[in-house]
């Protein structure tokens, strides 16, 4: 009899606790798993709420639909809930350059080592030459006081049409100015400025994309960066092909 009394007492203690825990679980919002999307691909969030993106330039949200906009990672939030979205490109023409500005030559070489390209090095530059998908692609890195200040990619014009290469860049960067001579862009996090142009080297016509850190705190408008874009153009070797973006 004493054992039965103890059993009923234990049940009297446990049953309310179990019921309370079960009710608490019902009230919890289900977790939304992290997602990986391609540029242009969409995902429907399975739970209701007012969902927003930390950066609409990477992934946008309309109602419960998330759309991959540009390459990157971003958090999608609804009050205390959140999940991460990684957006991948659908166009890859060549290996992405190192954009770790302020890093040392050894750090840049460590980044590039995964590609296995041969390189040459001087006091202020590290250059690579590669052959990707049958096309010659070169990489140039400029340093001041042993810190990376500019990156550059040069590719044979036959690698793709101007429109195709511009589309490749637009999946990674935001266009802020576009004229007949060049396209000026900025990264979705506004930390990197990019100039896409066509230049002539000893009679060879090449696509040139130059990258530099954005040191301006101004809002992203073409007028804020035009002088910087021109400096970047002048800092790259070769002669600018006028009207190359037509």
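General observations
- Residue within the range 163-173 that is assigned to a strand (DSSP E or B), in contact with a helix residue (DSSP H, G or I) (Cβ under 8 Å, 6 or more places away or on another chain) and at pLDDT 90 or above present: no
- Scanning the range 68-85 for residues being touching a strand residue (DSSP E or B) at 6+ places or on another chain (Cβ under 8 Å) and farther than 13 Å from residue 54 by Cβ gives a total of 3.
- Qualifying residue in the range 175-192 (condition: under 23 Å from residue 228 (Cβ atoms), within 18 Å of the chain's Cα centre (by Cα), free of Cβ contacts under 8 Å to residues at least 24 places away in the same chain and not in a loop (DSSP other than H, G, I, E, B)): yes
- Hits in the range 56-83 (condition: buried (at least 18 other Cβ atoms within 10 Å of the Cβ) and not in a strand (DSSP E or B)): 57, 58, 69, 70, 71
- Just one of the listed residues (115, 139, 128) is more than 16 Å from residue 210 (Cα to Cα) and either assigned to a strand (DSSP E or B) or touching a strand residue (DSSP E or B) at 6+ places or on another chain (Cβ under 8 Å) (or both), and it is 115.
The values are calculated or read from the model by the stated rules, or taken from the named source; none is laboratory data. What you see is a predicted model; the values in this text were computed from it and never measured. As a convention, Cβ positions derive from the backbone with ideal geometry for all residues, glycine included, and neighbour counts pool all protein chains shown.
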